[in-house]
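To start, the structure itself, in structure tokens.
The values are calculated or read from the model by the stated rules, or taken from the named source; none is laboratory data. This structure is a prediction, so every number in the text was calculated from the model and none was measured. Every residue, glycine among them, receives a Cβ derived from its backbone with ideal geometry; neighbour counts consider all protein chains shown. Surface areas here come from the heavy atoms of the whole protein model, side chains and all, with no ligands, DNA or RNA. Shrake-Rupley method; radii C 1.70, N 1.55, O 1.52, S 1.80 Å.
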Amino acid sequence: MAQPGRLGASSPAQNGAVSAVGPSYSNGPVQNPLMQSQVSVSQGYNSPFPGSYPHQIPAKTLNPASGPYNYSASQTVSSLNSYQGPGQTLNRLPLEPNPVAPLHSTAPVPRMPPPPSSQTPAAVPASSDSFLYGPDPSPSSNWQYSHPPVGSKTNNFVPVSTQPSLSGNTNLLRNNQYVSLGAPSLQNNYVKTGSVPPPTNQPLPTIYQPTRAPLGPPPSGGPPPVRSLDPQRKTSNSVPPPPQLNSAVNQEGDISTANNGSVVENSYDTIEGGGFMATPQLTNQNPKMSRNVGYSYPSLPPGYQNTSPPNMSGRPSTALQYTTGLQPFSQSPLGANHLTTNMGGLSLHPEGLRVINLLQERNMLPTTPLKAPVPNLHEDIQKLNCNPELFRCTLTNIPQTQALLNKAKLPLGLLLHPFKDLLQLPVVTSSTIVRCRSCRTYINPFVSFLDQRRWKCNLCYRVNDVPEEFMYNPMTRVYGDPLRRPEVQNATIEFMAPSEYMLRPPQPPVYLFVFDVSHNAVETGYLNSVCQSLLDNLDSLPGNTRTKIGFITFDSTIHFYSLQEGLSQPQMLIVSDIEDVFIPMPENLLVNLNENKELIQDLLKTLPQMFTKSLETQSALGPALQSAFKLMSPTGGRISVFQTQLPSIGVGALKSREEPNQRSSAKEIHLTPSTDFYKKLALDCSGQQVAVDLFLLSGQYSDLASLGCISRYSAGSVYYYPSYHHQHNPVQVEKLQKELKRYLTRKIGFEAVMRIRCTKGLSIHTFHGNFFVRSTDLLSLPNVNPDAGYAVQMSVEENLTDIQMVSFQSALLYTSSKGERRIRVHTMCLPVVSTLNEVYLGADVQAISGLLANMAVDRSITASLSDARDALVNAVIDSLSAYRTSVLSSQQPGLLVPFSLRLFPLFVLALLKQKSFQIGTTARLDERIFAMCQVKNQPLVYLMLMTHPNLYRVDNLSDEGALNINDKTIPQPPILQLSVEKLNRDGAFLMDAGTVMMLWVGKNCGQNFLSQVLGVPNYASLPLNMTYLPDLDTAESARIGSFISWLREHRPFFPVLYVIRDESPMKATFLQYMVEDRTESALSYYEFLLHVQQQVNK
């Protein structure tokens, strides 16, 4: 049973987080062409024409040995042992019956005081209510930031039924097997007791053509003479044939050994290569590809370009930018640690060493947006580092040891926004992608060049040869200078992947729309908005000449639409048997968009009127999703589901679980799914490269906790529009239209996988976000979109005492909407420190808060909401207690914090008042679940804005300090504290809470603002439900209009604007966002600081 207040209980993780034990699923015989062990011609991989895919539906088999929904073969296998590979490690379950000593603690008593109206809080021991990350926790310790120890380190098969329950286990102990019934298991290097070790790869000789210059303008004088790169290399091995699309041993060279000793392909894990499974014995470096080395670059330079994403012209120029051109970076030709020679003697920021007494200096909120701390690196290294909007670490100074990390009581983790829209992105086209031959890290700015022929990996320290073609830079037309290559000059880069990175021809873009057309759905009028948006944006859907589209509608039956070429109008096909759904005429239901555009437009125009007289109130969402999955599984793609009520019939039918009188309580609320149907179907979808996006437009409880699983585990997204109605709630109509336009036209990646690597000694043990973890550390992302964020938790597994810097690298392999296989790589470098003071100095309080929010969502689901709240509070108490006892030399009165953590208590208090974790309110259960979905899926910048909004005074905007973007002046008013003390009845204040904006107008607001901005003669004329600003021909109106438009343009969702006066119904919501003020159920910021001080000074 989970210990309250500790993260990582033995119950399965929800919301896409992967914990130790994992869900009750073990990925079994999902008959996916992308994941089959032996590739056959019948699977379509050898098809010469892209888009030729057979129809194949995954089989389902129950295995009672490992839970009611275990997809596995007859033999159940445990996780890997604690192999210590280069940079990443994996632990297996112990063999002993009960190797982990139980944690002795009494019943948990929360350390967070009760609401202000209750009695004085009691002093409570801290041992049972904190986030637990660590090995072998003792009763006196609240924080350990790594995964638990394991038992025997031999590779043995262990029946799942004997696995002990590990408390606090957050590492990756998963039984992710992709196997076929009767086929050997696809475990990677699993060995039975007493058997011989699995065979490693034979070296694949790298074929170079040193006498032939790459195609394109040749360097003057021809290439310099070259010496043998590896004279002592044996040449007796025969050269393997060039890898084909269905090659069992491909460019990565990774193989798996089945139980019978035969070598089988491990599909996407093989292609991306070398995560936890990376074996140091691999010696193939950049084996020959299907194209000759001499044709590395196109004939016309440059071989790489800076590309801009579509629909970015309107973006402000202040968004993320990369310096154009190559940045010169002189590297010493010799010395493995040349990057760190200037590390010593760098002065720490004096501001960072300040000690703040928060009880005396409460107003620590900066007036400008808080920026990520800059790592303490040499400027030549830092200017090459990854942008923090893409890749961010909770600690910019990495502690040398796990003991030091434990002492700091701060979480170590990464927050990623890997597919973010970029204004500039270097794209490299090359037949050879240079990677470490041991850990498979992509070459990056932080590797060491021992000379022009050899480079040392910055993750595993393996010395690799520089391929011949890497010596030529077609942009500068210089031969023999690898330091000038864009791969070594840019921490963010995209590669055009050769065929070796494909398991099948790139899939076409396929979009399937599934509409609820029950009576309730028709009443909302949503079909008009959605169909009109589709009509308006049909030509802007990402894709090419192969783009396919299809439509399904459903109430108590399933309706398909044949769009066969030659029909005068679309043909509806009704399937009434929802118990055993089948696909009628599958060849005409998904059709080419360009070839059938007129029929598609006719359908979209007539669809809203087709069901206006429907009296059917039932909703068969489950069977409709099953039909959509069967239709999409041969190709993969995106399913967009629009649902307006609780599914009522067929598989996946749900019953209402919300009890309105318990909405404000932290106990007995239903945050967990009521059925495994949607998760099970999502796993099937993920196996077939299908993602499901859910649009929930409902005024009643719809059990988003259950429905959300279909998107969470298939790498989809959830959109929620409570009380949507085309007449009664026009604000939601505008929001849906704006967000649909973004959704339909933004870029998209198909059949993607992502792996995160880190320097040897560090390990990743928990993932957060919408995905499914395949083969231990490979994230399966059937769709990837530019608006999704991810987070991971890490630990220091081996001491980093001999290392001055560590690196992290994410690699996202995906198929673009144009059918190109691409790899987007981000690399970040951070210094290693040995003192506690330096660890605190490098703390990134926003990243820490974001990671804790993800962990608290998991705690809410696996334990309880009150446990999650207690653990958040204890995160502040524990870290500040450690700082006080271990860093401060003199024990002064007050609440003393390092400057870097000055906002930590404020942000945690804001989390406690955020909709995900707040108590004492009447928020709907679905709204709370949706807020939790956003925590798990939003990039950090938006998550923090939803947690701690920005407050501006806008009735006196000026051009002082304004931005000038595209000839528009954007005012930059200072950010104010979230307290009514900052409000003034003479002014107007704009609250930007991410997904919503509220303009509060004071009773005595100036006549100029009322008339010139709001267009009303006086305050009394201000409407109660005003949701827009009139477009007036005044300087004041233009100024505030440009400011609000600029704020909206920065984000993927559309924030609705409410204009609020004293009597407005939204005033209570506005005041709820005042984080620093006291409410009936929550402390004020000052009261919270006093409580934290009381606990810290014990």
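Each label point was placed 7 Å from the Cα along the Cα-to-Cβ direction; for Asn1004 and Met610 their separation is 6.1 nm.
Using a 1.4 angstrom probe, figure out how much accessible area the range 549-608 has per residue, in square angstrom, rounded to the nearest whole.
Values: 2670 Å² over 60 residues.
Each residue of the range 549-608 exposes 44 Å² on average to a 1.4 Å probe.
Roughly to the nearest percent, how much of the accessible area of the range 884-923 is carbon and sulfur, given a 1.4 Å probe? So the carbon and sulfur contribution to the accessible surface is 51 percent. Label-to-label distance for Asn528 and Leu963 is 3.7 nm, based on points extended 7 Å past Cα in the beta-carbon direction.
Compute the relative contact order of the range 673-808 as a whole-number percentage, counting only Cα pairs closer than 8 Å that sit 6 or more residues apart in sequence.
Values: 224 pairs, mean separation 34.1, N = 136.
It rounds to 25 percent for the range 673-808.
When Thr675, Thr394 are compared by accessible surface with a 1.4 Å probe, the order from highest to lowest is Thr675, Thr394.
With r as the distance between the Cβ atoms of Gln424 and Thr1027 and R0 = 41 Å, compute the FRET efficiency 1/(1 + (r/R0)^6) and round to 0.05. Display every interim value, and only then the final one.
Numbers: r = 37 Å, r/R0 = 0.89.
FRET efficiency, Thr1027 to Gln424: 0.65.
When each of the peptides 965-974, 854-863, 395-404 is scored by the mean number of other C-beta atoms lying within 10 Å of its residues, the order from highest to lowest reads 854-863, 395-404, 965-974. Placing a label point 7 Å from the Cα of Asn956 along the Cα-to-Cβ line, the residues of the range 1002-1027 whose backbone N sits under 16 Å from it are 1002-1010. Local charge for Phe551 was computed over the other residues whose Cβ lies under 14 Å away, with Lys and Arg +1 and Asp and Glu -1, and equals +2.
Using the 1.4 Å probe convention, the accessible area of the range 667-771 works out to 23 Å² per residue with neighbouring protein chains retained. If you plug the beta carbon distance of Tyr1086 and Thr1034 into 1/(1 + (r/R0)^6) with R0 = 45 Å, you get a FRET efficiency near 0.65. Only protein heavy atoms count here; under a 1.4 Å probe, Lys1098 has an accessible surface of about 130 Å². Only loop residues by DSSP count here, and only those with at most 14 other Cβ atoms within 10 Å; note down the GluC sites (Glu not before Pro) in the range 1044-1090 that meet that. Here the sparse-neighbourhood loop sites are Glu1063, Glu1080. On the basis of the beta-carbon distance and an R0 of 51 Å, Lys741 and Gln891 show a calculated FRET efficiency of 0.30. Counting only protein heavy atoms and using a 1.4 Å probe, the accessible area of Asp380 comes to about 50 Å².
Using a 1.4 Å probe, what is the accessible area per residue for the range 401-518, in Å²?
18 Å²
The aspartates and glutamates within cross-link reach of Lys548, meaning a Cα-to-Cα straight distance under 19 Å and a gap of 8 or more places when in the same chain, are Asp536, Asp539, Glu565, Glu587, Glu595, Glu598, Asp602, Asp693, Glu751, Glu820.
Taking each of Lys741/Lys913; Lys409/Lys982; Lys738/Lys968; Lys597/Lys818 in turn, the alpha-carbon distance tops 25 angstrom for Lys741/Lys913; Lys409/Lys982. Each label point was placed 7 Å from the Cα along the Cα-to-Cβ direction; for Leu353 and Glu820 their separation is 5.0 nm. For the range 502-524, the residues whose amide N sits under 18 Å from a probe point set 7 Å from the Cα of Lys597 along the beta carbon direction are 509-511. Surface calculation, 1.4 Å probe, protein heavy atoms: Lys407 sits at approximately 110 Å² accessible. Taking all Cα-Cα distances within the range 376-482, those exceeding 23 Å account for 46%.
Normalised by residue number, the volume inside the convex hull of the Cα atoms of the range 961-1040 is 124 Å³ per residue.
Residues with beta-carbon under 13 Å from that of Val1056, excluding Val1056: net charge, scoring Lys, Arg +1 and Asp, Glu -1? Don't skip to the answer; put the middle values down first.
Details: positive: Lys735, Lys738, Arg1048, Arg1051; negative: Glu734, Glu739, Asp992.
Surrounding charge for Val1056 is +1.
With a 1.4 Å probe rolled over the protein heavy atoms of all chains, the accessible area of Asp516, Asp986, Asp539, Asp787 falls in the order Asp539, Asp986, Asp787, Asp516, largest first. Measuring nothing but protein heavy atoms, the accessible surface of the range 361-461 at 1.4 Å probe radius is 49 percent carbon and sulfur. Once the convex hull of all Cα atoms in the range 740-821 is built, its volume per residue stands at 110 Å³.
For the range 568-675, the pair-distance distribution built from all alpha carbon pairs, in bins 10 Å wide starting at 0, is 10, 32, 33, 15, 8, 2 percent. Of Lys420/Lys760; Lys371/Lys407; Lys1003/Lys1067; Lys735/Lys1003, which ones are farther than 18 Å apart at the Cα? With Cα atoms farther than 18 Å apart: Lys420/Lys760; Lys371/Lys407; Lys735/Lys1003. Summing charges over neighbours of Ser648, with a neighbour being any other residue whose Cβ is under 15 Å away from its Cβ, gives -3 when K and R count +1 and D and E count -1. What is the range 351-410 by shape, rounded, prolate or oblate, if you read a ≥ b ≥ c off the alpha carbon gyration tensor as root eigenvalues and call it rounded for a/c under 1.5, prolate for a/b larger than b/c, and oblate otherwise? Taking the square roots of the gyration eigenvalues as a ≥ b ≥ c, the range 351-410 is oblate.
Each Cα pair under 8 Å and six or more residues apart adds its separation to the average, and for the range 790-845 the resulting relative contact order is 32 percent.
Sorted on the mean count of surrounding Cβ atoms within 10 Å across their residues, most packed first, peptides 385-393, 583-591 read 385-393, 583-591.
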